[in-house]
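Chemist: This is the structure I want to talk about, given as structure tokens.
The values are calculated or read from the model by the stated rules, or taken from the named source; none is laboratory data. The shown structure was predicted, so the numbers you read here are calculated from the model rather than taken from an experiment. FYI the Cβ positions are ideal-geometry reconstructions off the backbone, even for glycines, and counts take in every protein chain you see.
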Amino acid sequence: MSHNTLRSAVRGRVLLPGDEAFDTARTPWNLNIDQPVAAVVHVEDAEDMAAVVGYARGAGLSVTAQPNGHGASGDTASAILVRTRRLDRIEVDPARRRARVGAGTNWGHVQAAAARHGLTGLAGSSPVVSVVGYTLGGGLSWFGRKYGWAADSVRAFDIVDADGRQARVTAESDPELFWALCGGGGDFALVTAVEFDLFAAPALFGGLIAWPAAQTEAVRAAFQDITDHAPAELTVWLNRLELPQAPPVIAIAAAYLGEPVRGRDLLRRLDTIDGILADTRRELSPAELGAIVNEPTAPGPGLLRTELLTALDETAADILLHAPIDPLMGIQLRQLGGALAEPTRGAAPPFAEPYALSLQATGSDPDTVAAVLATQKRIIADLGARVSGRKPYTVLSAGDSVAEVFDTGTLDRLRKLKQARDPHGVFRANFPILH
Ligand SMILES: Cc1cc2nc3c(=O)[nH]c(=O)nc-3n(C[C@H](O)[C@H](O)[C@H](O)COP(=O)(O)OP(=O)(O)OC[C@H]3O[C@@H](n4cnc5c(N)ncnc54)[C@H](O)[C@@H]3O)c2cc1C
């Protein structure tokens with residue numbers, strides 16, 4: 001089968017090696033990752049997705065779907081890269097508190113649509129992450145401590161299977177595939193749309209407060225006190241920032257799903273710490289979740305590594321908050337717990353660890369990359385057993401494996417399903433279940 005057959009099989013734009021726009025189209029969000037692919041298809045609709053699957057099977061290729069490529073690992077040789085951005089339909093049913101969104105929809109647009117009805121989805125920190133990519137990997141939300149993993153809020157997936165057939169998958173229609181799609185990653189089907197629950201958000205309070213690094217100890221103590229006593233509606237993150245050409249800063253970011261007065265009260269201890277440099281705390285709309293930490297929305301050469309932390313004791317605080325971290329640019333601790341530690345309905349595992357730890361850096365020149373990797377490795381080694389070795393799927397980075405996400409029972413179950421439903425390996429997730 002020739003590439004011309006692919007062009008004539010789909011309505012969407014097809015880019016092949018040698019085409020002028022091919023390299024731009026295959027480039028993921030993390031510019032440090034090279035994605036060698038056989039073709040890129042900007043699909044127009046579910047029929048296009050089915051046609052790509054049919055073509056790939058006939059040509060002995062695989063298919064990898066990426067709305068934005070935030071989670072790209074580079075493991076894409078001989079794959080057709082499906083870009084889903086044109087599938088951007090959003091339907092909100094306020095009476096049933098449900099949303100149904102296409103596979104190319106980003107959280108920012110969904111949150112804006114839900115907020116009009118005083119509702120929120122289980123969105124994370126970035127408005128430019130897709131609902132489908134995030135949810136297939138579990139999805140760690142600002143509201144996860146209250147409502148659990150985003151994957152657990154799913155009611156139905158519209159899919160294309162490995163034979164190119166379209167289906168609506170629910171817990172009743174196909175329990176095993178539904179279970180796998182709820183957090184098991186993108187190795188089992190092409191998702192064309194997802195339907196999920198929304199939650200009441202009549203009021204929301206949050207923001208970021210920053211101090212000079214000299215206040216690190218006071219801020220750490222307040223962070224631990226607040227997180228130890230936080231209700232499930234409150235989630236608090238600690239950020240150490242060491243940006244080039246800027247004085248070092250320690251900051252707290254928080255979101256409270258409830259009345260602003262109560263949210264302010266839960267964080268009042270922070271007001272007693274002198275030297276506040278910035279304080280963005282205010283009443284927020286669910287559409288403004290991304291404003292809390294204002295993460296970059298443009299591609300860059302990321303060198304992020306995430307681990308789960310079992311304890312923030314004095315030794316961990318010394319390693320993470322006081323010792324030099326150069327050339328890292330930041331350390332972030334996200335509070336977990338609450339419903340995130342409870343059993344789930346799908347493959348997304350619960351995590352009992354109290355904090356997610358991110359070691360943040362950027363850079364692409366070989367010396368910087370080597371220095372960053374060495375520092376991340378050293379910090380993790382110094383933390384010893386305080387790092388659990390497990391992590392949510394959505395925070396995996398190149399070189400990580402699904403064995404860090406799932407226990408062996410879940411992994412075996414996912415692998416059996418992969419072999420049964422996709423025996424020819426048509427679907428290629430960013431972190432394949434069989435590796
Ligand atoms: C700035 C930033 C902030 C983030 N914050 C959070 C956060 O708060 N919580 C959190 O959990 N994660 C977070 N993430 C991680 C993010 O959830 C993952 O990168 C995830 O992969 C979604 O990114 P994406 O939409 O670009 O998906 P992509 O990287 O494009 O896709 C990821 C994978 O999902 C699968 N997939 C995607 N679409 C389909 C489809 N239609 N059919 C089948 N499989 C599909 C594929 O296997 C694909 O490789 C963040 C990432 C960034 C860059």
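Here is a yes/no grid of residues against (1) under 24 Å from the mean Cα position of the chain (by Cα); (2) in the same structural domain as Gln332 (by TED's automatic domain parsing); (3) at pLDDT 95 or above:
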site: Glu44; (1), (2), (3): no, no, yes
site: Ala51; (1), (2), (3): no, no, yes
site: Gly54; (1), (2), (3): no, no, yes
site: Val63; (1), (2), (3): yes, no, yes
site: Gly69; (1), (2), (3): yes, no, no
site: Arg96; (1), (2), (3): no, no, yes
site: Val101; (1), (2), (3): yes, no, yes
site: Trp107; (1), (2), (3): yes, no, yes
site: Ser126; (1), (2), (3): yes, no, yes
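Chemist: Looking only at the range 129-143, filter to residues that are among the hydroxyl-bearing types (Ser, Thr, Tyr) and more than 6 Å from the ligand (Cβ to nearest atom); which one of those is surrounded by the fewest Cβ atoms within 10 Å (Cβ to Cβ)?
Modeler: Kept after step one, since they are among the hydroxyl-bearing types (Ser, Thr, Tyr), are these residues of the range 129-143: 130, 134-135, 141.
Narrowing the set further to residues that are more than 6 Å from the ligand (Cβ to nearest atom) leaves 135, 141.
Working: Thr135: 29, Ser141: 27.
In this case the residue turns out to be Ser141.
Chemist: So which of Thr375, Thr410, Thr368 is surrounded by 15 or more Cβ atoms within 10 Å (Cβ to Cβ) and either assigned to a loop (DSSP other than H, G, I, E, B) or within 21 Å of the chain's Cα centre (by Cα) (or both)? Even if it seems obvious, please write down each step before you answer.
Modeler: Values: Thr375 fails: either assigned to a loop (DSSP other than H, G, I, E, B) or within 21 Å of the chain's Cα centre (by Cα) (or both); Thr368 fails: either assigned to a loop (DSSP other than H, G, I, E, B) or within 21 Å of the chain's Cα centre (by Cα) (or both).
Exactly one residue qualifies, and that residue is Thr410.
Chemist: Please find, within the range 51-70, the residue that is nearest to Thr135 (Cα to Cα) out of those that are of a type in the set (Val, Ile, Thr) and within 9 Å of the ligand (Cβ to nearest atom). Lay out the reasoning, then the answer.
Modeler: Looking only at the range 51-70, we keep the residues that are of a type in the set (Val, Ile, Thr), and these are 52-53, 63-64.
Filter once more, keeping what is within 9 Å of the ligand (Cβ to nearest atom): 63-64.
On the way: Val63: 19, Thr64: 16 Å.
Per the stated criteria, the residue is Thr64.
Chemist: Can you tell me which of Ala339, Ala348 is within 16 Å of the ligand (Cβ to nearest atom), under 21 Å from Gly183 (Cβ atoms), assigned to a helix (DSSP H, G or I) and not assigned by TED's automatic domain parsing to the domain that holds Trp29?
Modeler: Details: Ala348 fails: assigned to a helix (DSSP H, G or I).
Residue meeting the stated conditions: Ala339.
Chemist: Here's a check for you: in the range 24-46, which residue that is part of a helix (DSSP H, G or I) and without any contact (Cβ under 8 Å) to a residue 60 or more places away in the chain is farthest from Asp365 (Cα to Cα)? Steps first, please.
Modeler: Here is the first cut: in the range 24-46, the ones part of a helix (DSSP H, G or I) are 24-26, 46.
Checking which are without any contact (Cβ under 8 Å) to a residue 60 or more places away in the chain leaves us with 24-26.
Numbers: Thr24: 20, Ala25: 23, Arg26: 21 Å.
The residue in question is Ala25.
Chemist: When you go through (1) under 19 Å from the mean Cα position of the chain (by Cα); (2) within 16 Å of the ligand (Cβ to nearest atom); (3) not aromatic (Phe, Trp, Tyr) one by one for Ala403, which number turns out not to apply?
Modeler: (2)
Chemist: Of all residues in the range 71-128, count the ones that are within 13 Å of the ligand (Cβ to nearest atom), in contact with a Pro (Cβ under 6 Å, 6 or more places away or on another chain), assigned to a loop (DSSP other than H, G, I, E, B) and small (Gly, Ala, Ser).
Modeler: Counting residues in the range 71-128 that are within 13 Å of the ligand (Cβ to nearest atom), in contact with a Pro (Cβ under 6 Å, 6 or more places away or on another chain), assigned to a loop (DSSP other than H, G, I, E, B) and small (Gly, Ala, Ser) gives 2.
Chemist: Follow-up. Restricting the range 413-435 to residues that are part of a helix (DSSP H, G or I) and more than 14 Å from the ligand (Cβ to nearest atom), which is nearest to Ala39 (Cα to Cα)? Spell out how you get there, then give the answer.
Modeler: Filtering the range 413-435 down to residues part of a helix (DSSP H, G or I) leaves 413-421.
Within this subset, residues satisfying the condition of being more than 14 Å from the ligand (Cβ to nearest atom) are 413, 415-417, 419-420.
Working: Arg413: 31, Arg415: 27, Lys416: 29, Leu417: 27, Gln419: 25, Ala420: 27 Å.
It comes out as Gln419.
Chemist: Does Ala254 satisfy being outside the structural domain of Ser126 (by TED's automatic domain parsing) and touching a Ser or Thr at 6+ places or on another chain (Cβ under 8 Å)? Steps first, answer last, please.
Modeler: Working: outside the structural domain of Ser126 (by TED's automatic domain parsing): yes; touching a Ser or Thr at 6+ places or on another chain (Cβ under 8 Å): yes.
Judged against the criteria, Ala254 is a match.
Chemist: Evaluate the range 215-225: report whether one residue or more is over 17 Å from Leu320 (Cα atoms), outside the structural domain of Asp48 (by TED's automatic domain parsing) and of a type outside the set (A, V, I, L, M, F, W, C).
Modeler: yes
Chemist: Let me ask you something else. Among the candidates Asp197, Asp187, Asp152, single out the residue that is crowded, with 24+ Cβ neighbours inside 10 Å, in contact with a Ser or Thr (Cβ under 6 Å, 6 or more places away or on another chain) and of a type outside the set (Ser, Thr, Tyr). Let's see the steps before the verdict.
Modeler: Values: Asp197 fails: crowded, with 24+ Cβ neighbours inside 10 Å; Asp187 fails: in contact with a Ser or Thr (Cβ under 6 Å, 6 or more places away or on another chain).
Criteria check complete, one pass: Asp152.
Chemist: Could you list all residues from the range 1-13 that are more than 26 Å from Ala298 (Cβ to Cβ) and touching a residue at least 24 places away in the same chain (Cβ under 8 Å)? Working first, answer last.
Modeler: If we filter the range 1-13 for residues that are more than 26 Å from Ala298 (Cβ to Cβ), which is where we start, we get 1-11.
Correct list: Met1, His3, Thr5, Leu6, Ala9, Val10, Arg11.
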